[in-house]
Amino acid sequence: MNGLTRIAVLSAFDSWYVRDLRRAAGNKYEIHALSFSSISSHVGNCVSATNQDGDHVSLDQFDATIVRSMPPGSTEEIIFRMDALGTHHRNGGVVINSPRSLEAAIDKYLSLQRMAEAEIPIPRTIACQTVEQAMDAFHDLGRRTVVKPLFGGEGRGITFVDDDDIALRVFKTLSQMNLVIYLQEFIPHEGFDLRVLVVGDHTFCIKRENKDDWRTNISRGATAVPVTPPNSTIELAVKAARTLDVDIAGVDILVAPSDQPVVIEVNAVPGWMALSKTLEFDIARTVLEYCSQVARTAHTSSLSDDKYESPSPTVTE
């Protein structure tokens, strides 16, 4: 790697995050926004995407690719996009976060299952496919549950249910739409949660508070303040990110009435706008430095592989 580090950002062209990365880039990085929904692949060759000038460019031209959006699409479109990105990654391209980690984190059931296997504290959660199973789960979880879409973020589509009749209507609607019914116990809290942003070996934390809504997403009116949680809480967030192999992760943590921190979810396409403003820290520069570090390591490894000579086979008697 010589000169500027060239980084592709799969994102909306007018995204605040693209602008922030360009601001932080200075004279060390070159930031190119590409459309995720325009990805195409020449089978056996390169993976490409369209830039804001309408040019179709190969991801091979860049030292690293940052995934900053996951646009909606059909199941077929989404699978193809991830497969194409996985192809680029397997062929030596640096993708942050990796396709495999994106798939694990975006799927709430899979991500919580892996965290449970790693003995990370999570809310009691039940995923099922029939109304009857969902009603049983609703009662098993104490009739105070949070119903979530299996995929999605920023609090969209999340419903608090504590009434049998409403639960039945919600579950019937989801069943008619052929959706998985995903229920989570409601953990009482004092109107706040912790968002820990993990960027490689760096961590940043804020407390998000919302006096008007049990959901603490900034996009839903929550406010943020700096906070220094116990080391054990930071270690828990890092463990959750590592369990899903996510290099840049937003880990949401609630503190249960027992003072036990509980991981609610891990976001593999996390925002940092509120964190940067609240902490008055240039997180975009940290993200770019981390991506550059990963790219340099991959480049050095590639050069070492090229120079490696297989030893002559040894015959033993």
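Computed values, structure above
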quantity	calculated
Qualifying positions in region 93-102 - buried (at least 19 other Cβ atoms within 10 Å of the Cβ) and not hydroxyl-bearing (Ser, Thr, Tyr)	Gly93, Val94, Val95, Ile96, Asn97, Pro99, Leu102
Some residue of region 105-113 being among the charged types (D, E, K, R) and touching a Lys or Arg at 6+ places or on another chain (Cβ under 8 Å)	yes
Residue that is surrounded by the most Cβ atoms within 10 Å (Cβ to Cβ), among those in region 150-172 that are in contact (Cβ under 8 Å) with a residue 40 or more places away in the chain and under 25 Å from the mean Cα position of the chain (by Cα)	Gly153
Residue list for region 73-89, filter: in a helix (DSSP H, G or I) and either surrounded by fewer than 12 Cβ atoms within 10 Å (Cβ to Cβ) or touching a Gly at 6+ places or on another chain (Cβ under 6 Å) (or both)	Thr75, Glu76
Selected residue (only one of Thr145, Thr130 is polar (S, T, N, Q), farther than 24 Å from Ala256 by Cα and either touching a residue at least 12 places away in the same chain (Cβ under 8 Å) or buried (at least 17 other Cβ atoms within 10 Å of the Cβ) (or both))	Thr130
Members of region 266-293 found to be more than 17 Å from the chain's Cα centre (by Cα) and not in a helix (DSSP H, G or I), listed by number	Glu280, Phe281, Asp282
For Glu30: the one exception among (1) touching a Leu at 6+ places or on another chain (Cβ under 8 Å); (2) part of a helix (DSSP H, G or I)	(2)
Some residue of region 17-27 being small (Gly, Ala, Ser), more than 20 Å from Cys291 (Cα to Cα) and assigned to a helix (DSSP H, G or I)	no
Any hit, region 50-63, residues being within 30 Å of Val180 (Cα to Cα) and not assigned by TED's automatic domain parsing to the domain that holds Asp245	no
Flag for Gly93 being touching a helix residue (DSSP H, G or I) at 6+ places or on another chain (Cβ under 6 Å), assigned to a helix (DSSP H, G or I) and without any contact (Cβ under 8 Å) to a residue 60 or more places away in the chain	no
Hits in region 217-226 - residues which are crowded, with 16+ Cβ neighbours inside 10 Å and at pLDDT 70 or above	Ala222, Ala224
Residues satisfying the stated conditions in region 33-72, i.e. in a loop (DSSP other than H, G, I, E, B) and in contact (Cβ under 8 Å) with a residue 12 or more places away in the chain	Ser35, Ile39, Cys46, Gln52, Phe62, Asp63, Arg68, Ser69, Met70, Pro71
Restricting region 173-205 to residues that are in contact (Cβ under 8 Å) with a residue 40 or more places away in the chain and of a type in the set (Gly, Ala, Ser), the residue that is surrounded by the most Cβ atoms within 10 Å (Cβ to Cβ)	Ser175
Meets criteria (out of contact with any Gly (no Cβ under 7 Å at 6 or more places or on another chain), among the aliphatic types (A, V, I, L, M) and at pLDDT below 95) for Leu236	no
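Residues are listed down the side, and each one gets a yes or a no for (1) surrounded by 20 or more Cβ atoms within 10 Å (Cβ to Cβ); (2) modelled with pLDDT of 80 or more; (3) touching a His at 6+ places or on another chain (Cβ under 8 Å); (4) among the polar types (S, T, N, Q):
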{"site": "Asp212", "(1), (2), (3), (4)": "no, no, no, no"}
{"site": "Arg215", "(1), (2), (3), (4)": "no, no, no, no"}
{"site": "Ala240", "(1), (2), (3), (4)": "yes, yes, no, no"}
{"site": "Val255", "(1), (2), (3), (4)": "no, yes, yes, no"}
{"site": "Val269", "(1), (2), (3), (4)": "yes, yes, no, no"}
{"site": "Trp272", "(1), (2), (3), (4)": "yes, yes, no, no"}
{"site": "Leu279", "(1), (2), (3), (4)": "no, yes, no, no"}
{"site": "Ala295", "(1), (2), (3), (4)": "yes, yes, no, no"}
{"site": "Tyr308", "(1), (2), (3), (4)": "no, no, no, no"}
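The values are calculated or read from the model by the stated rules, or taken from the named source; none is laboratory data. Because the structure is predicted, anything quoted here is derived from the model rather than measured. FYI the Cβ positions are ideal-geometry reconstructions off the backbone, even for glycines, and counts take in every protein chain you see.
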